[in-house]
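A.B. asks: A single structure is presented below for examination.
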């Protein structure tokens, strides 16, 4: 058969249709499983209350269900207790309705319908079960759980990534940095920029001496670019490190340059190993003016600066931001600092060289 354009286009259509069907089938299976687990959890609670049964009934139930369905995973004792906890945690959560221009819009917080049945439209049904178990193990409130579910959906997090975000308490760090976005950016970009910033940033994937210099920190962050981008958040695309700017015949270099694909703007990151100093803001203002002139296109939004410091004084930051006319956020960062004991036990370069010579 001649592979003309008609056939090629048809083939592309069929491939997309098959992929779409596979995704819908997987989603449908997850919805039914979550609804089943909700009903089992609800039933366990009700039967325990009606018959004054203790926790041993869950042991019996796990054994009997396993005997009846030996080829189906998910009915272990621990998983049945997770279903019970799942229902208990969300059963009293109310449906919120938003009215806008005469239309009734359901927020993503929809949980269950009348009679305690879980709705297929619930955000709970859009999250895989193992993700739900991870969220339940760390979250204490509905709002916290909904935050991580929404972030999981928006960022397509795997369970491992979700667990990292839970461990590092992303909800406590998101949107907490000091900034001037409301004064320097139009809405809704100012809101998006605010939500993008964290405080502090946690670079726990690297271990360095406390006295490390900025250049060495840059090097380790870019060597671990995948984990670095994960901590920065969705939308960051790495452009370069020690990126050169030719200004007035002089070459100046910015620590880290990124492009944000959702906000459509360049983001300049300046790393400082010490405490924030007011002159840092003036220098960043200079860099942002240069980046806007040299790189920004007609379709790009104003460039944003982020100064990451080891520590900061809130009053210093607020005064420094007051009259800056470029969008700027200031946050702290942490990393794993090598203790003196660990450092003393590490081999020196000469010791490693001697060991290699012996092996050779």
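A.B. asks: Out of everything in segment 256-307 that is within 14 Å of residue 330 (Cα to Cα) and out of contact with any strand residue (DSSP E or B) (no Cβ under 8 Å at 6 or more places or on another chain), what residue ends up being surrounded by the most Cβ atoms within 10 Å (Cβ to Cβ)? Spell out the reasoning first.
C.D. replies: At the first step, the residues of segment 256-307 found to be within 14 Å of residue 330 (Cα to Cα) are 267-285, 304-307.
Now narrow it down to the ones that are out of contact with any strand residue (DSSP E or B) (no Cβ under 8 Å at 6 or more places or on another chain): 277-279, 282.
On the way: 277: 16, 278: 12, 279: 9, 282: 11.
The qualifying residue surrounded by the most Cβ atoms within 10 Å (Cβ to Cβ) is 277.
A.B. asks: Same structure again: If you check residue 328 against the conditions, is it at pLDDT below 95 and surrounded by 14 or more Cβ atoms within 10 Å (Cβ to Cβ)?
C.D. replies: Values: at pLDDT below 95: no; surrounded by 14 or more Cβ atoms within 10 Å (Cβ to Cβ): yes.
Taking the combined requirement at face value, the residue does not satisfy it.
A.B. asks: Now for a different question. Quick one: in segment 127-167, of everything that is under 10 Å from the mean Cα position of the chain (by Cα) and not in a helix (DSSP H, G or I), which residue is surrounded by the fewest Cβ atoms within 10 Å (Cβ to Cβ)?
C.D. replies: It comes out as 156.
A.B. asks: Further question: Please work out if residue 130 is modelled with pLDDT of 85 or more and farther than 19 Å from residue 144 by Cα.
C.D. replies: No.
A.B. asks: For segment 186-232, enumerate the residues that are more than 21 Å from the chain's Cα centre (by Cα), surrounded by 13 or more Cβ atoms within 10 Å (Cβ to Cβ) and either in a loop (DSSP other than H, G, I, E, B) or not assigned by TED's automatic domain parsing to the domain that holds residue 311 (or both).
C.D. replies: Across segment 186-232, the qualifying residues are 209, 212.
A.B. asks: Would you be able to tell me the number of residues in segment 314-325 that are loosely packed, with under 14 Cβ neighbours inside 10 Å and more than 26 Å from the chain's Cα centre (by Cα)?
C.D. replies: The first filter runs over segment 314-325 and keeps only residues loosely packed, with under 14 Cβ neighbours inside 10 Å, leaving 314-315, 318-319, 322-323, 325.
Restricting the remaining residues to those that are more than 26 Å from the chain's Cα centre (by Cα) gives 315, 318-319, 322-323, 325.
Number satisfying all stated conditions: 6.
The rows are residues; the columns are (1) within 16 Å of residue 305 (Cβ to Cβ); (2) without any contact (Cβ under 8 Å) to a residue 24 or more places away in the chain.
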position: 162; (1), (2): no, no
position: 172; (1), (2): no, yes
position: 196; (1), (2): yes, no
position: 221; (1), (2): no, no
position: 225; (1), (2): no, yes
position: 236; (1), (2): yes, no
position: 245; (1), (2): yes, no
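The values are calculated or read from the model by the stated rules, or taken from the named source; none is laboratory data. Everything numeric in this text was worked out from a predicted model, so none of it was measured. Note that each Cβ is placed from the backbone with ideal geometry, even for glycine, and that neighbours are counted across all protein chains shown.
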